[in-house]
Amino acid sequence: SQAAAQGKTRVVCPSGGNAGFATAVAAVSLGLQACIVVPHTTPESTRARIRKTGAEVIVHGKVWDEANQRAMELAQGADTEYVPAFDHPVLWQGHSTMVDEILEDCPQVDALVTSVGGGGLLAGLLTGLIRHRRMDCRIVACETRGAASFAAAMAAGHPVRLPRIDTVATSLGASEVAAWPVRHILDFPHECVVLGDEEAIMGVVRY
């Protein structure tokens, strides 16, 4: 919506799948063209779902970071806005409205469990909880082994780059997370959980 207000006509977003689909849906609703750049690890079914919105899908690179580099190159035009997949305060403000809804439905909530890819959703949850002064809420940050860049960052005290991504959960495949949630999760009771692919899949099945 900010891009549209600034007179942009096109948005470009690098994504493993989820952020790109969301960006494509939002862009179409605002009358903007969308170009989503995904790595080769993004399944064809996900690419097809993004294309169905009317967005252009470009497949580039083995991992998200390479897709991101290409997206930044494609977003150079004056009429084009680069939409980060996870590392931007505007995205976090958008995600944070989930906390408004959660607290409306369940004011006594004392724990939030979230998956972490690049850390955008997590940053949004933290942003919302800070706004509501709910620093007592426990955060459980979940990743799969082979894409646990957030757990690695927490262990190091700052974002670190994984040498490779090796997990079935390709949409979580950011080799380096955003720095902001690494710092600010420390203001909350928190836990990092790293699961194997089989455990993650069974979690989806049970859910």
Item checked: Rounded percent of accessible protein surface that carbon and sulfur make up, region 65-140, 1.4 Å probe -> 53
Next item on the list: Could you provide, to the nearest whole Å², the per residue accessible area of the chain with probe 1.4 Å?
Entry: 52
Next item on the list: Could you please state, rounded to a whole Å, how far the C-alpha centre of region 163-207 is from the C-alpha centre of region 78-139?
Entry: 15
Item checked: Inter-probe distance in nm under a simple model that places probes 7 Å from Cα toward Cβ, at Arg131 and Gln93 -> 0.9
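I want to verify the translational diffusion coefficient of the chain in µm²/s; compute it with Stokes-Einstein, Rh as the Kirkwood radius over Cα pairs, at 20 °C and 1.002 mPa s.
Answer from the Stokes-Einstein relation: 122 µm²/s.
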Check: Which angle between 0 and 90 degrees, to the nearest 10, do you get for helix 197-206 versus the longest principal axis of the chain when only C-alpha atoms count?
Finding: 90
Margin query: Under 5 Å between amide hydrogens, which residues at least 5 positions from Val11 or on another chain qualify, with H placed 1.01 Å from N in the peptide plane?
Written below: Gln33, Ala34, Cys35, Glu81
Check: What is the percent of Cα-Cα separations in region 30-121 that go past 20 Å?
Finding: 51
Notebook entry, point to check: How large is ³J(HN,Hα) for each residue in region 42-49, as worked out from phi by the Karplus curve 6.51 cos²θ - 1.76 cosθ + 1.60 (θ = phi - 60°), to whole Hz, x for Gly and Pro?
Noted result: 6, x, 4, 4, 6, 4, 5, 5
Next item on the list: For region 124-207, state which trypsin sites (Lys or Arg not before Pro) are in a DSSP loop and have at most 13 other beta carbons lying within 10 Å of their beta carbon.
Entry: Arg133, Arg161, Arg164
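The values are calculated or read from the model by the stated rules, or taken from the named source; none is laboratory data. Note that the coordinates shown come from a computational prediction; the quantities given were computed from them, not determined experimentally. Ideal geometry is used to build each Cβ from the backbone, glycine not excepted, and the neighbour counts take in all protein chains shown. Side chains included, ligands, DNA and RNA excluded: accessible areas come from the protein's heavy atoms. Shrake-Rupley method; radii C 1.70, N 1.55, O 1.52, S 1.80 Å.
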